[in-house]
Structure formats: structure tokens, C-alpha cells
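J.: Below: one structure in C-alpha cells.
Just so it is clear, none of the values below were taken in a lab; they were calculated from the coordinates. The structure displayed is predicted, hence computed values, not measured ones. Note that we place each Cβ from the backbone using ideal geometry, even for glycine, and neighbour counts take in every protein chain shown.
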Amino acid sequence: MREASFIERNKEKWLLIENNLLNIVNVDPDILASNYIELTNDLAYAQTFYPQSKTKDYLNELSIRAHQLIYKDQKSSSNKLSHFFTYEIFESIWKIRKQLVYSLLIFLLANVIGFISAHYEESFLKFIMGSHYVDMTVQNIKEGNPAGVYQQGSNWGGALAITINNVQVAFFAFIYGIFFSLGTGYILMMNGIMVGTFHYLFFKYNVLSEAMTAIWIHGTIELSVIVIAGGCGLAMGNSILFPKSYTRLESFKRTVKHAAKVLISTIPFFIMAGTLEGYVTRYYQVSVWMCLIIIAISLLSIVYVYIVKPKQMALKYGWDK
């Protein structure tokens, strides 16, 4: 990007930041922190592409001033951690929101493909899920316990193993994005097809509603965060394919910071999903209302954290401007 274009694109933002620093007492601390992050990003870009320019000197001076004013009375470690979880994560979610939507669409499409394929090709079920698993599930269905597979093993052992497996899937969905998003797309498609095939198995034997009240106790969060991890991977891959006005390396570095923050935000949800699958799902036959309440709370939590809250903060802090 030419220096003149860089200045024209950002000058209004820099003037606003200067004004905020002059009126620091009357400005929300989160806005000041966001201003500082924006300044340091712009400074890094200017140091890379315009190292001898007055623009770089101006941004360096402004960044130093912002740092001194914002952090002079703060305990940096605790405030940085708090700021990360209450501000930066939601900003990053907003930055890659399009890729999160693309990830969801790919996953849903794969669900449909899996369901339809299993319907029209009987051998597809065992091809995707394995003969042993299908035969075991069919036997459980005949015994009136369609989700009996989740009652095997110990509570804590199952929760730990499931959490580790889910984190691995999410990690691969994220890291494979480096292969120009194709790796992430593959992970999303394979998992989506598996889920669609899994649903068809219960649909075929007319126990879909009963099985779903069990599976979605943990599946609501588990599958949601896999989709979110996929969105992180797509964001990373797309930053290489479509760098816009940045170099590919600079675009990649900027996007990875946001994607990594969003991925970190999924860890508590993975732990929650593993705990539910290990400790709660096995008791799905106790009460259908218990199942529905847990599913509803899980869904609302995901929607709030990854849709509602980022939207509210985007409007408050003007992230689209």
C-alpha cells in the first residue's frame, strides 16, 4: 500500500485517538485499550513499509504517549488478562465473523450430504461409522436404549478422553487452515458427513427424537465449537488467499492473532462439553425436560458469546468504522 493511501485510510482514526488521549478521564478504558492496540498495529505496519517516514515517527510518538497514559496507574498483568477475556476475544470474534458463518454453512451442507447418502446407500452407514459401531447401536435401539453407547466406561475417564479428542479435532480444523483453507474445509466436511450419517441411523429406526435428547446434551456445545474452530482455520487460510491491501505475510500475521484468540475462547466450552458427555448424557432417560433445559442453556450460551455479545460491542466501540 502506498504511504499516501495508508495515511488517507487511517487519518480520521488517528485524530480520534489523539482526542481520546487528551480527554482520557472521560473515555471508556476499553476504548482506550482498543485505541492502543490499533496504534501498535499501524506502527508495526509503518515500521515495515515506511521505516524512514514521518508517519512512522508520528505513530511511534502517539503510541508511547498512549502507553504512558493508559498503563501508568494499572497493574499490567491482571488488567491485561481481564482485557483479553472481556474485550479482545469479542473483538476477534467480530473480525472473523464471516469465516465463522462460512464454517457453519460447510458443516451444515456436509450434514445434509451424510444424511442423504446414508438414506440412498445402505452400505454408507457402515462405511462412515464402522460395522461394529452400527451393529452395537442397532442392538441398543432394540433394547430400548438408543444412546446406550454413552453409558459405557467411567464418568471421569469418559469426560477426559472426550475432551482431549474434541480439542484435537478443533486444533486440526484450525491448523489445517494454513493449507489455503482446504484442510479446514476437509475436516469440516468429514465431521459434518459423520454427524449427518449418525442422525440418519436413528431416523431409520424411528428413535431420532429420543436419541437427540441425549446426543445434543453435549453435542450442542461440542459441534458448535468445532464449527468455531473451523471458522478460525478458514480465516487463517483466507488471509493468505485474499490479503487485500496488505502483503500476504502481514495479512496472515494479523489474522492469526484474531483466530488464535477465538480458538482459546473455545477451550472452556470443550471442557464443558466433555463433562456433560461423561457425567450427564448417560442419564438422558431420567427426564426429557432435564435434557431439553441443558440443550437450551447450551445453545443460548453459544449464541450469546459468539453472536450477541460481539454484535453489542461492535456497535458500542464502532469496530466497523
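J.: How high is the relative contact order of the chain? Use alpha-carbon pairs under 8 Å, at least six apart in sequence, and give a whole percent.
T.: Values: 356 pairs, mean separation 75.2, N = 321.
Relative contact order of the chain: 23 percent.
J.: Taking the Cα-to-Cβ direction at Ser131 and at Gln285 and moving 7 Å from each Cα, how far apart do the two end points lie in nm?
T.: About 2.8 nm separates the two model spin labels.
J.: Between [x] 38, 35, 18; [y] 46, 22, 14; [z] 39, 22, 18, which matches semi-axes √(5λ) of the Cα gyration tensor in Å calculated for the structure shown?
T.: Here semi-axes √(5λ) of the Cα gyration tensor in Å agrees with entry [y].
J.: Compute the acute angle (0 to 90°) between the alpha-carbon long axis of helix 131-142 and the principal axis of greatest extent of the alpha-carbon atoms of the chain; round to the nearest 10°.
T.: 70
J.: With θ set to phi - 60°, apply the Karplus curve 6.51 cos²θ - 1.76 cosθ + 1.60 along the range 234-242 and write out the HN-Hα couplings as whole Hz, x wherever there is a Gly or Pro.
T.: Once θ is set to phi - 60°, the couplings for the range 234-242 become 5, 4, 5, x, 5, 5, 7, 6, 10 Hz.
J.: Which length gain, in nm to one decimal place, applies between Gln151 and Lys244 when the Cα-Cα distance is subtracted from 0.36 nm times their residue separation? All intermediate terms of the calculation are to be shown ahead of the outcome.
T.: On the way: separation 93, 0.36 × 93 = 33.48 nm, distance 5.05 nm.
Here the answer is 28.4 nm.
J.: With charges set only on the Cβ (+1 for Lys and Arg, -1 for Asp and Glu), what does the dipole of the chain come to about its Cα centre, in debye to the nearest 20?
T.: Values: 27 positive and 22 negative charges, 133 e Å.
Result for the chain is approximately 640 debye, rounded to the nearest 20.
J.: Sequence neighbours fewer than 8 away in the same chain don't count; with that in mind, list the lysines whose C-alpha is under 19 Å from Lys204.
T.: Once the sequence-local lysines are set aside, what remains near Lys204 is Lys126, Lys142.
J.: Just name one of His199, Phe180, Thr137: the one whose Cα is farthest towards the positive end of the charge dipole of the chain (beta-carbon charges, Lys/Arg +1, Asp/Glu -1).
T.: Projecting each Cα onto the dipole axis, the largest value belongs to Phe180.
J.: Any idea which of Val288, Leu62, Gln99 is furthest toward the positive side of the dipole for the chain, if Lys and Arg beta-carbons carry +1 and Asp and Glu beta-carbons -1?
T.: Value: Leu62.
J.: Okay, moving on. Toward the positive end of the charge dipole of the range 218-321, about the Cα centre and with charges on Cβ (Lys, Arg +1; Asp, Glu -1), which of His218, Val305, Gly278 goes farthest?
T.: My answer, from the dipole projection, is Val305.
J.: Could you run the Karplus curve 6.51 cos²θ - 1.76 cosθ + 1.60 with θ = phi - 60° over the range 89-95 and give me ³J(HN,Hα) per residue in whole Hz, x for Gly and Pro?
T.: Karplus-based 3J(HN,Hα) across the range 89-95 equals 4, 5, 5, 5, 4, 5, 5 Hz.
J.: Tell me, Kirkwood radius of the range 206-304 from alpha-carbon pair distances, in Å? Walk me through the intermediate numbers first.
T.: Values: mean 1/r = 0.0659 Å⁻¹.
Hydrodynamic radius (Kirkwood, Cα pairs) of the range 206-304 is 15.2 Å.
J.: Could you work out [θ]222 nm for the chain from helices alone, using -39500 (n - 2.57) per DSSP H run of at least four and dividing by all its residues? Round to the nearest 500 deg cm²/dmol.
T.: -26000 deg cm²/dmol
J.: To continue, here is another question. Angle between the Cα long axis of helix 288-303 and the longest principal axis of the chain, 0 to 90 degrees, nearest 10?
T.: 20
J.: Dipole of the range 170-307, Cα-centred, from +1 at each Lys and Arg C-beta and -1 at each Asp and Glu C-beta, to the nearest 20 debye? Can you show the working numbers first?
T.: On the way: 8 positive and 4 negative charges, 106 e Å.
Roughly 500 debye for the range 170-307.
J.: What angle, in degrees between 0 and 90 and rounded to the nearest 10, separates the Cα long axis of helix 97-120 from the longest principal axis of the Cα atoms of the chain?
T.: On a 0 to 90 degree scale, this one is about 20.
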